[in-house]
Amino acid sequence: MKIFGDTRIDLQLDEQRRSETTMHNEKVKTDREILKRLIHCVIFLGKQELPFRGHDESRESANRGNYLELLTFLAKYDPDLHYHLSTSKVFIGTSSQIQNDLISAVAEVMGEIIKEEISKAPFVALVLDETSDVSNAAQLSFVLRFVTDSGVKERFVKFEDVTGKKRAEDAAALALGFLEEHGCMDKLVAQCYDGAAVMASGLNGVQAKIPSRQPSPRQLRFYLHSTVLAHAKSPGPNSVLT
(Lines give C-alpha, C1' and ligand atoms only; values in the text may rest on other atoms or scores of the structure.)
Protein backbone atom coordinates (compact mmCIF):
# COMPACT_ATOMS: atom_id res chain seq x y z
CA MET A 1 0.00 0.00 0.00
CA LYS A 2 1.33 3.40 -0.87
CA ILE A 3 0.41 6.82 0.43
CA PHE A 4 1.34 9.79 -1.82
CA GLY A 5 3.60 7.49 -3.82
CA ASP A 6 5.67 6.24 -0.85
CA THR A 7 5.66 2.71 0.67
CA ARG A 8 4.47 2.59 4.26
CA ILE A 9 7.34 1.81 6.64
CA ASP A 10 5.16 -0.09 9.11
CA LEU A 11 4.10 -2.51 6.37
CA GLN A 12 7.71 -3.03 5.35
CA LEU A 13 8.67 -3.80 8.94
CA ASP A 14 5.76 -6.22 9.31
CA GLU A 15 6.78 -8.01 6.12
CA GLN A 16 10.40 -8.24 7.26
CA ARG A 17 9.30 -9.58 10.67
CA ARG A 18 7.14 -12.23 9.03
CA SER A 19 10.00 -13.24 6.76
CA GLU A 20 12.44 -13.52 9.68
CA THR A 21 9.92 -15.54 11.70
CA THR A 22 9.37 -17.92 8.80
CA MET A 23 13.11 -18.39 8.32
CA HIS A 24 13.58 -18.97 12.05
CA ASN A 25 10.81 -21.57 12.16
CA GLU A 26 12.30 -23.39 9.18
CA LYS A 27 15.72 -23.39 10.85
CA VAL A 28 14.25 -24.78 14.09
CA LYS A 29 12.41 -27.49 12.13
CA THR A 30 15.60 -28.48 10.30
CA ASP A 31 17.63 -28.53 13.53
CA ARG A 32 15.05 -30.80 15.14
CA GLU A 33 15.26 -33.21 12.23
CA ILE A 34 19.06 -33.24 12.52
CA LEU A 35 18.78 -33.90 16.26
CA LYS A 36 16.47 -36.84 15.53
CA ARG A 37 19.13 -38.35 13.30
CA LEU A 38 21.75 -37.96 16.02
CA ILE A 39 19.45 -39.60 18.56
CA HIS A 40 18.70 -42.48 16.19
CA CYS A 41 22.45 -43.07 15.78
CA VAL A 42 22.84 -43.19 19.57
CA ILE A 43 19.96 -45.66 19.89
CA PHE A 44 21.31 -47.84 17.07
CA LEU A 45 24.80 -48.09 18.58
CA GLY A 46 23.36 -48.79 22.01
CA LYS A 47 21.05 -51.48 20.67
CA GLN A 48 23.94 -53.16 18.86
CA GLU A 49 26.19 -52.78 21.94
CA LEU A 50 28.85 -50.97 19.94
CA PRO A 51 31.36 -48.45 21.35
CA PHE A 52 30.94 -44.82 20.31
CA ARG A 53 34.41 -43.35 20.42
CA GLY A 54 37.46 -44.01 18.29
CA HIS A 55 41.13 -43.96 19.23
CA ASP A 56 41.74 -41.24 16.62
CA GLU A 57 38.79 -39.03 15.66
CA SER A 58 40.71 -36.53 13.55
CA ARG A 59 39.57 -35.90 9.99
CA GLU A 60 42.67 -37.68 8.69
CA SER A 61 41.87 -40.86 10.63
CA ALA A 62 40.86 -43.96 8.67
CA ASN A 63 38.48 -44.95 11.46
CA ARG A 64 37.03 -42.13 13.59
CA GLY A 65 34.85 -44.37 15.75
CA ASN A 66 31.41 -45.88 15.23
CA TYR A 67 29.40 -42.73 16.01
CA LEU A 68 31.23 -40.42 13.62
CA GLU A 69 31.57 -43.08 10.93
CA LEU A 70 27.84 -43.84 11.13
CA LEU A 71 26.97 -40.15 10.76
CA THR A 72 29.36 -39.83 7.82
CA PHE A 73 27.77 -42.85 6.16
CA LEU A 74 24.23 -41.52 6.63
CA ALA A 75 25.26 -38.10 5.34
CA LYS A 76 26.07 -39.65 1.95
CA TYR A 77 22.36 -40.35 1.46
CA ASP A 78 20.90 -37.48 3.50
CA PRO A 79 21.45 -34.01 1.96
CA ASP A 80 20.24 -32.17 5.07
CA LEU A 81 22.59 -34.07 7.36
CA HIS A 82 25.47 -33.64 4.90
CA TYR A 83 24.86 -29.89 4.73
CA HIS A 84 24.69 -29.67 8.53
CA LEU A 85 27.94 -31.58 9.10
CA SER A 86 29.70 -29.58 6.38
CA THR A 87 28.59 -26.05 7.28
CA SER A 88 27.51 -25.91 10.92
CA LYS A 89 29.87 -23.94 13.17
CA VAL A 90 27.95 -23.72 16.47
CA PHE A 91 26.28 -27.08 16.99
CA ILE A 92 27.53 -30.01 14.96
CA GLY A 93 26.66 -32.85 17.34
CA THR A 94 29.88 -34.81 17.02
CA SER A 95 31.84 -33.79 20.13
CA SER A 96 32.39 -36.22 22.99
CA GLN A 97 30.33 -34.00 25.31
CA ILE A 98 27.36 -34.01 22.93
CA GLN A 99 27.63 -37.79 22.59
CA ASN A 100 27.55 -38.17 26.37
CA ASP A 101 24.62 -35.75 26.67
CA LEU A 102 22.64 -37.67 24.05
CA ILE A 103 23.39 -40.99 25.74
CA SER A 104 22.25 -39.57 29.10
CA ALA A 105 19.06 -38.18 27.56
CA VAL A 106 18.19 -41.48 25.89
CA ALA A 107 18.96 -43.37 29.12
CA GLU A 108 16.69 -41.02 31.08
CA VAL A 109 13.77 -41.59 28.72
CA MET A 110 14.32 -45.36 28.78
CA GLY A 111 14.45 -45.25 32.58
CA GLU A 112 11.09 -43.50 32.75
CA ILE A 113 9.57 -46.11 30.41
CA ILE A 114 10.93 -48.92 32.60
CA LYS A 115 9.48 -47.26 35.71
CA GLU A 116 6.11 -47.02 33.98
CA GLU A 117 6.25 -50.72 33.10
CA ILE A 118 7.16 -51.63 36.67
CA SER A 119 4.33 -49.53 38.09
CA LYS A 120 1.87 -51.79 36.25
CA ALA A 121 3.54 -55.05 37.28
CA PRO A 122 2.05 -56.91 40.28
CA PHE A 123 5.44 -58.23 41.43
CA VAL A 124 9.12 -58.09 40.51
CA ALA A 125 12.35 -60.03 40.98
CA LEU A 126 15.68 -58.32 41.67
CA VAL A 127 18.83 -59.57 39.94
CA LEU A 128 22.19 -58.29 41.20
CA ASP A 129 25.66 -59.26 40.07
CA GLU A 130 29.09 -57.77 40.50
CA THR A 131 31.29 -57.41 37.45
CA SER A 132 34.34 -55.44 36.35
CA ASP A 133 34.68 -53.01 33.47
CA VAL A 134 37.64 -52.73 31.11
CA SER A 135 39.55 -50.66 33.69
CA ASN A 136 38.99 -53.43 36.26
CA ALA A 137 36.72 -51.20 38.37
CA ALA A 138 34.09 -53.10 40.36
CA GLN A 139 30.49 -52.50 39.27
CA LEU A 140 27.16 -53.81 40.49
CA SER A 141 24.62 -54.51 37.76
CA PHE A 142 20.92 -53.96 38.51
CA VAL A 143 18.30 -55.98 36.61
CA LEU A 144 14.55 -56.21 37.23
CA ARG A 145 12.44 -59.11 36.02
CA PHE A 146 8.65 -58.77 36.03
CA VAL A 147 5.46 -59.87 34.31
CA THR A 148 3.28 -57.68 32.08
CA ASP A 149 0.23 -58.33 29.93
CA SER A 150 2.54 -59.10 27.01
CA GLY A 151 4.69 -61.57 28.93
CA VAL A 152 7.82 -61.72 31.06
CA LYS A 153 10.14 -58.71 30.82
CA GLU A 154 13.73 -58.47 32.00
CA ARG A 155 15.23 -55.00 32.06
CA PHE A 156 18.83 -54.08 32.71
CA VAL A 157 18.64 -50.72 34.44
CA LYS A 158 22.14 -49.56 35.36
CA PHE A 159 25.65 -50.19 36.64
CA GLU A 160 26.70 -48.79 40.00
CA ASP A 161 30.35 -48.25 40.94
CA VAL A 162 31.06 -50.31 44.07
CA THR A 163 34.80 -49.80 44.29
CA GLY A 164 35.45 -49.74 48.03
CA LYS A 165 31.84 -50.69 48.78
CA LYS A 166 31.95 -54.47 48.73
CA ARG A 167 30.47 -55.16 52.16
CA ALA A 168 27.00 -56.68 52.38
CA GLU A 169 25.72 -53.54 54.13
CA ASP A 170 26.88 -51.32 51.28
CA ALA A 171 25.41 -53.53 48.55
CA ALA A 172 22.14 -53.87 50.47
CA ALA A 173 21.87 -50.09 50.87
CA LEU A 174 22.35 -49.64 47.13
CA ALA A 175 19.75 -52.33 46.39
CA LEU A 176 17.21 -50.84 48.80
CA GLY A 177 17.70 -47.38 47.33
CA PHE A 178 17.26 -48.81 43.84
CA LEU A 179 14.02 -50.60 44.80
CA GLU A 180 12.71 -47.44 46.48
CA GLU A 181 13.57 -45.30 43.46
CA HIS A 182 11.64 -47.62 41.14
CA GLY A 183 8.64 -47.97 43.44
CA CYS A 184 8.83 -51.74 43.78
CA MET A 185 9.81 -52.23 47.40
CA ASP A 186 6.47 -53.87 48.24
CA LYS A 187 6.44 -55.89 45.00
CA LEU A 188 9.64 -57.85 45.54
CA VAL A 189 9.06 -61.63 45.52
CA ALA A 190 12.46 -63.00 44.49
CA GLN A 191 16.15 -62.14 44.65
CA CYS A 192 18.86 -63.51 42.40
CA TYR A 193 22.60 -63.39 43.15
CA ASP A 194 25.77 -65.29 42.48
CA GLY A 195 27.13 -67.72 45.04
CA ALA A 196 29.30 -65.22 46.93
CA ALA A 197 28.58 -65.20 50.64
CA VAL A 198 28.41 -61.41 50.77
CA MET A 199 25.45 -61.56 48.35
CA ALA A 200 23.66 -64.85 48.87
CA SER A 201 24.12 -65.60 52.59
CA GLY A 202 20.79 -65.97 54.34
CA LEU A 203 22.30 -64.71 57.61
CA ASN A 204 24.46 -61.68 56.86
CA GLY A 205 24.39 -61.37 53.06
CA VAL A 206 22.49 -58.89 50.91
CA GLN A 207 19.65 -61.41 50.63
CA ALA A 208 19.00 -61.29 54.39
CA LYS A 209 19.04 -57.49 54.50
CA ILE A 210 16.41 -56.86 51.83
CA PRO A 211 12.80 -57.27 52.98
CA SER A 212 10.44 -59.09 50.65
CA ARG A 213 6.75 -59.23 50.02
CA GLN A 214 6.92 -62.98 50.63
CA PRO A 215 7.52 -64.32 54.18
CA SER A 216 10.11 -66.70 52.72
CA PRO A 217 11.36 -64.99 49.56
CA ARG A 218 12.66 -67.21 46.81
CA GLN A 219 16.41 -66.80 46.44
CA LEU A 220 18.02 -67.92 43.19
CA ARG A 221 21.69 -68.30 42.37
CA PHE A 222 23.55 -67.84 39.11
CA TYR A 223 24.63 -71.47 38.84
CA LEU A 224 25.75 -71.04 35.24
CA HIS A 225 27.68 -67.94 36.26
CA SER A 226 29.43 -69.88 39.01
CA THR A 227 30.25 -72.66 36.56
CA VAL A 228 31.78 -70.19 34.11
CA LEU A 229 33.90 -68.63 36.86
CA ALA A 230 35.07 -72.05 38.00
CA HIS A 231 36.01 -72.93 34.43
CA ALA A 232 37.86 -69.63 33.98
CA LYS A 233 39.88 -70.20 37.15
CA SER A 234 40.58 -73.87 36.48
CA PRO A 235 44.13 -74.90 35.48
CA GLY A 236 44.90 -75.25 31.81
CA PRO A 237 46.02 -78.47 30.09
CA ASN A 238 49.69 -77.55 30.54
CA SER A 239 49.43 -76.33 34.13
CA VAL A 240 51.47 -78.01 36.84
CA LEU A 241 49.64 -78.63 40.11
CA THR A 242 51.72 -78.40 43.26
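The set of residues in region 56-114 being surrounded by 14 or more Cβ atoms within 10 Å (Cβ to Cβ), more than 24 Å from the chain's Cα centre (by Cα) and small (Gly, Ala, Ser) consists of 75 alone.
Restricting to region 178-194, count the residues that are open to solvent by less than 40 Å² (accessible area, probe 1.4 Å) and either of a type in the set (A, V, I, L, M) or closer than 13 Å to residue 206 by Cβ (or both).
Residues meeting the conditions: 9.
Within region 115-129, the only residue that satisfies the criterion of being under 18 Å from the mean Cα position of the chain (by Cα) and basic (Lys, Arg) is 115. Applying the criterion of at least 1 residues that are in contact with a Cys (Cβ under 8 Å, 6 or more places away or on another chain) and closer than 29 Å to residue 41 by Cα to the helices (runs of 4 or more DSSP H) found wholly in region 68-182 leaves 96-120.
Applying the criterion of being surrounded by 15 or more Cβ atoms within 10 Å (Cβ to Cβ) and part of a helix (DSSP H, G or I) to the residues of region 197-207, the residue that is modelled with the lowest pLDDT is 200. Return a yes/no flag: does region 27-39 have any residue that is at pLDDT 80 or above and part of a loop (DSSP other than H, G, I, E, B). Checking region 27-39: not a single residue is at pLDDT 80 or above and part of a loop (DSSP other than H, G, I, E, B). Does residue 15 meet the test of being more than 20 Å from residue 87 (Cβ to Cβ), of a type in the set (D, E, K, R) and modelled with pLDDT under 95? Against the criterion (more than 20 Å from residue 87 (Cβ to Cβ), of a type in the set (D, E, K, R) and modelled with pLDDT under 95), residue 15 qualifies. Would you confirm whether any residue within region 137-150 is of a type in the set (Ser, Thr, Tyr) and closer than 29 Å to residue 164 by Cβ? Yes, region 137-150 contains a residue that is of a type in the set (Ser, Thr, Tyr) and closer than 29 Å to residue 164 by Cβ. Within region 155-167, the only residue that satisfies the criterion of being open to solvent by 90 Å² or more (accessible area, probe 1.4 Å) and at pLDDT 90 or above is 156.
Matching residues to (1) free of Cβ contacts under 8 Å to residues at least 60 places away in the same chain; (2) touching a helix residue (DSSP H, G or I) at 6+ places or on another chain (Cβ under 9 Å):
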| site | (1), (2) |
| --- | --- |
| 84 | yes, yes |
| 90 | yes, no |
| 142 | yes, yes |
| 148 | yes, yes |
| 190 | no, no |
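A single entry from 170, 194 fulfils the requirement of being at pLDDT below 85, more than 17 Å from residue 110 (Cβ to Cβ), among the charged types (D, E, K, R) and in contact with a helix residue (DSSP H, G or I) (Cβ under 6 Å, 6 or more places away or on another chain): 194.
The values are calculated or read from the model by the stated rules, or taken from the named source; none is laboratory data. The shown structure was predicted, so the numbers you read here are calculated from the model rather than taken from an experiment. Glycine gets a Cβ as well: all are built from the backbone with ideal geometry, and neighbour counts include every protein chain shown. Surface areas here come from the heavy atoms of the whole protein model, side chains and all, with no ligands, DNA or RNA. Shrake-Rupley method; radii C 1.70, N 1.55, O 1.52, S 1.80 Å.
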